[in-house]
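I have placed the structure first, in the form of structure tokens, so that the comments after it can refer back to it.
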Amino acid sequence: MFSPHPLFVNFFIWGSILFLIGLALRFSLYLQGGWNFPGLVKGLLLTLFSSKILEWIKVLLLDGIFQRRLFGQDKLRWLMKVFIMVGYPCIIIVGHLKVEVMHQFENLPHILKFFYAPFCDFYYFRDVSSPTLSLGDALFAISFDLFGSMILAGEFIAIYRRFILKKLPFKTSVGDIVAVNLLGGWFILRFLCEATSILTYSLPDSVAQYWFLSFGLSKVMVPIGLPWASLNYPLWSISGLFLGGLVASIPYNKKLWHIFTIPLIMFLNLVPKEAFTPWMKKRPIPLPMRELIALEACVKCGSCVEVCPVYTQTRQLESTMGGLFTDLKSFIRKVYGLSGRFLGSQNLREGIGKISDQPYLCTLCGRCRLICPAFIDTNQLRIGLREFMVEEGHYPAAIHQIIENLKGVHNIVGEPAEERSSWLNAIEGLQEDSFKKKGAEVAYFVGCVGSYFPMVKKIPQSLVQIMLKAKVDFTILGGEEWCCGFPLIAAGMGKEAYVYIHHNLEKMKEMGVKRAVFSCPSCYHTWKEDYHTDIEIFHTTQFVNQLIREGKIRFRRKTIKVTYHDPCDLGRLSGIYDPPRQILQAIPGVELIEMESNRQNSKCCGGGGDLEIVRPDLSGAIAQAKIEEIKATGAEAVITACQQCIRTIQMAARKKKTSLVVMDIIEFVLKNMEE
């Protein structure tokens, strides 16, 4: 297979063989993760033969190649990525089109033409006889050097950013240096080889000028006076060695492997998550296959760092997605890769305790998910990594108390279930069982926080009074309402959450409910994503906004300047931005002053993702930063639509003795309704 071919082609062939071996090793690791054959086949078919495939192509073009997400973040980095992502595919396509029409290769099988394509100019320069080029040949020459120069420009920008500007927050690894040298080195050698061939075969300027970079380089090389004819073949061989090394390194180099994992994860994001649930038996790696691949798609670009609310307080990269992924990838490779298989993994497993808290140092706010250029679902992956830690038996001790509370009384607080609707007693004329009835039009799912924490009981109390005034026929589950399951899901115990999901669905079914209203964004989001029900789901802002439009709620004038805080679970994760603002705009005299970071860019209050349970000090510090942003608006009050946000912000304000009016939008609506 190798002897009849030149050395540069053999290098490429050997590199490709090593690539295929590495590819097999990578996927053998992924197959140890969670997936099931019937579900995966079904999911792949449903994705491939539906409009989802068009969605994938769109995302691949706009975000994979043209890097749409990077454009608004860093123009220089965007230019670097576009040059490389456009240049490489185009130069591969051009080379293969050219080799298909060259007479020198007409008798070669297509598989061998693939290996000759990067070196077709070696033969073209050697055999050219005409003093002019045809239009097709001229376009080939120009395009090859044009796309090659784009790649080199991208590589030089990468070197400039990494080693001169030093803009990347993560340290440069040996693998990074190897990747940059292989990516750029092959093209530098390629241009040098073309210039050498131009001199070796004395190509006339009328022909050589179309390889504009190589032609210019050849003019610079002439005065040097080296024996270019003797160096021509060795240089092409060295370029083949670089290309073979580049291809061979792809599966083994973290920086290069994302060439495959990013398009793959963009596709797998469209496949139903049921395809990655273990089937029949427990998988060796307690992490879904999609999440294993997503881990590999991260290139530590740093996009997630500055938007991370935890990092802004700790300045520890280990808490960011890029830092966490690096540590977990290393652990998984050592334990479940070749070293773990042949050398044993027990000693390696003992090291997991050092990083077991890292997945929990996150509010699950989702800002990194929106800006990740690799399209990694960072929230799902973070939860997946928490599930990994739970399966490995390493997770924060504080989580145990939540588990015990939920097992005992089905709420996170640990209070008796029969007191779940005791907040109704504070409303004159109402009792705990006032609204427990079947066949009502709407069910109000209160949630654990609104039911038990005195600081925010005004939220359910206000909503009940609004619905009474608007003559809404509603019911509540009272003591039959269990936790929605979100704290368990967020802790990495999603399997245990299904008991609560099943119970709540059954109770809603018994009540004959067709519509459900939630004042807690976490409950709302969990029902929307994990309950898979025909019940129509509303957040209170959507529901009240609809009542306003129907004329069932009218307001008196209230002159006040307010700002609005977008809760993470309601805004970024559920896409509800306009209803709360429309409610505020419907109240005469209310002036809304937006914070600098609002809507999808809203900064987290620090109360989500179970962080308050694991690190209350860190949660408070994030809340304090939020308070400073609120105060900068000059607003008289901050309105939000989440009881946990209210608790977190108010507790931080009280701790610092900061005067701040914090109010849920439902409470604000009730206070300003006409009698």
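The values are calculated or read from the model by the stated rules, or taken from the named source; none is laboratory data. A quick note: this is a predicted structure, and the numbers were derived from the prediction, not measured. Heads up, the Cβs are rebuilt from the backbone with ideal geometry, glycines too, and the neighbour counts pull from every protein chain shown. To get the accessible areas, we keep the full protein, side chains included, count just its heavy atoms, and leave off ligands, DNA and RNA. Shrake-Rupley method; radii C 1.70, N 1.55, O 1.52, S 1.80 Å.
Worth a mention:
- For the range 548-580, the set of residues classified as open to solvent by less than 10 Å² (accessible area, probe 1.4 Å) and not in a loop (DSSP other than H, G, I, E, B) consists of V562, T563, Y564, P580, listed by residue number.
- Failed condition for Y210, given (1) farther than 30 Å from C298 by Cβ; (2) of a type in the set (S, T, Y); (3) in a helix (DSSP H, G or I): (3)
- Residue count, the range 99-111 (criterion: out of contact with any Asp or Glu (no Cβ under 7 Å at 6 or more places or on another chain) and open to solvent by 30 Å² or more (accessible area, probe 1.4 Å)): 9
- If only residues of the range 227-246 that are out of contact with any Leu (no Cβ under 7 Å at 6 or more places or on another chain) and more than 22 Å from F140 (Cβ to Cβ) are counted, the one that is least open to solvent (accessible area, probe 1.4 Å) is G244.
- Being outside any helix (DSSP H, G or I) and open to solvent by 20 Å² or more (accessible area, probe 1.4 Å) is a description that applies to L133.
- Boolean, K219 is in contact with a strand residue (DSSP E or B) (Cβ under 9 Å, 6 or more places away or on another chain), farther than 27 Å from I13 by Cβ and open to solvent by 50 Å² or more (accessible area, probe 1.4 Å): no
- Within the range 52-75, residues that are touching a residue at least 40 places away in the same chain (Cβ under 8 Å) have Cβ atoms under 6 Å from residues that are in a helix (DSSP H, G or I) and exposed (fewer than 14 other Cβ atoms within 10 Å of the Cβ) in no pair, counting only partners at least 6 apart in sequence or on another chain.
- So N545, is it in contact with a Pro (Cβ under 7 Å, 6 or more places away or on another chain), within 18 Å of F474 (Cβ to Cβ) and either in a helix (DSSP H, G or I) or not acidic (D, E) (or both): yes
- Within the range 431-446, if we keep just the residues that are open to solvent by 30 Å² or more (accessible area, probe 1.4 Å) and modelled with pLDDT under 85, the residue that is farthest from D534 (Cα to Cα) turns out to be Q431.
- Inclusion of K471 among residues that are at positive phi, basic (K, R) and either open to solvent by 30 Å² or more (accessible area, probe 1.4 Å) or touching a residue at least 24 places away in the same chain (Cβ under 8 Å) (or both) is warranted.
- Residues of the range 631-651 that are outside any strand (DSSP E or B) and surrounded by 24 or more Cβ atoms within 10 Å (Cβ to Cβ): A641, C642, Q643, Q644, C645, I646, T648, I649.
- Look at (1) in contact with a His (Cβ under 6 Å, 6 or more places away or on another chain); (2) farther than 18 Å from S522 by Cα and you find that E636 fails only one, number (1).
- Answer from T314, T320, T378 - the residue that is surrounded by 20 or more Cβ atoms within 10 Å (Cβ to Cβ), modelled with pLDDT of 85 or more and among the polar types (S, T, N, Q): T378
- Single unsatisfied condition, Y500 versus (1) among the hydroxyl-bearing types (S, T, Y); (2) under 28 Å from V413 (Cα atoms); (3) open to solvent by 40 Å² or more (accessible area, probe 1.4 Å); (4) more than 27 Å from the chain's Cα centre (by Cα): (3)
- Residues that are in a helix (DSSP H, G or I) and either buried (at least 24 other Cβ atoms within 10 Å of the Cβ) or free of Cβ contacts under 8 Å to residues at least 60 places away in the same chain (or both) within the range 652-667 comprise A652, A653, R654, K655, I665, I666, listed in sequence order.
- Qualifying residue in the range 414-430 (condition: modelled with pLDDT of 85 or more, within 23 Å of C642 (Cα to Cα) and under 32 Å from the mean Cα position of the chain (by Cα)): no
- Residue among V310, V305 that alone is touching a Pro at 6+ places or on another chain (Cβ under 7 Å), closer than 22 Å to G609 by Cα and β-branched (V, I, T): V305
- Looking at D176, D145, D121, just one residue is among the acidic types (D, E), within 30 Å of Q316 (Cβ to Cβ) and open to solvent by less than 30 Å² (accessible area, probe 1.4 Å), and that residue is D176.
- Pair list, Cβ under 7 Å, 6 or more apart: the range 376-399 residue farther than 24 Å from F267 by Cα, other residue open to solvent by less than 40 Å² (accessible area, probe 1.4 Å) and of a type in the set (A, V, I, L, M, F, W, C): V390/M493; E392/I352; H394/I352; Y395/M389; P396/V614; A398/V614; I399/A491
- Of the criteria (1) modelled with pLDDT of 85 or more; (2) among the charged types (D, E, K, R); (3) open to solvent by 10 Å² or more (accessible area, probe 1.4 Å), which one R349 fails: (1)
- Pairing each residue of the range 245-269 that is farther than 18 Å from T378 by Cβ and free of Cβ contacts under 8 Å to residues at least 40 places away in the same chain with any residue that is open to solvent by 10 Å² or more (accessible area, probe 1.4 Å) and part of a helix (DSSP H, G or I), provided the two are 6+ apart or on different chains, yields no C-beta distance under 8 Å.
- Residue check for V94: out of contact with any Cys (no Cβ under 7 Å at 6 or more places or on another chain), farther than 17 Å from A275 by Cα, open to solvent by 20 Å² or more (accessible area, probe 1.4 Å) and aliphatic (A, V, I, L, M): yes
- Looking at I188, I224, I262, just one residue is open to solvent by 20 Å² or more (accessible area, probe 1.4 Å) and either of a type in the set (D, E, K, R) or farther than 24 Å from I65 by Cβ (or both), and that residue is I224.
- When we screen R386, R367 for residues that are of a type outside the set (F, W, Y), at pLDDT 85 or above and open to solvent by 10 Å² or more (accessible area, probe 1.4 Å), the only hit is R367.
- Flag for K300 being assigned to a loop (DSSP other than H, G, I, E, B), more than 25 Å from N181 (Cα to Cα) and either at pLDDT below 85 or not charged (D, E, K, R) (or both): no
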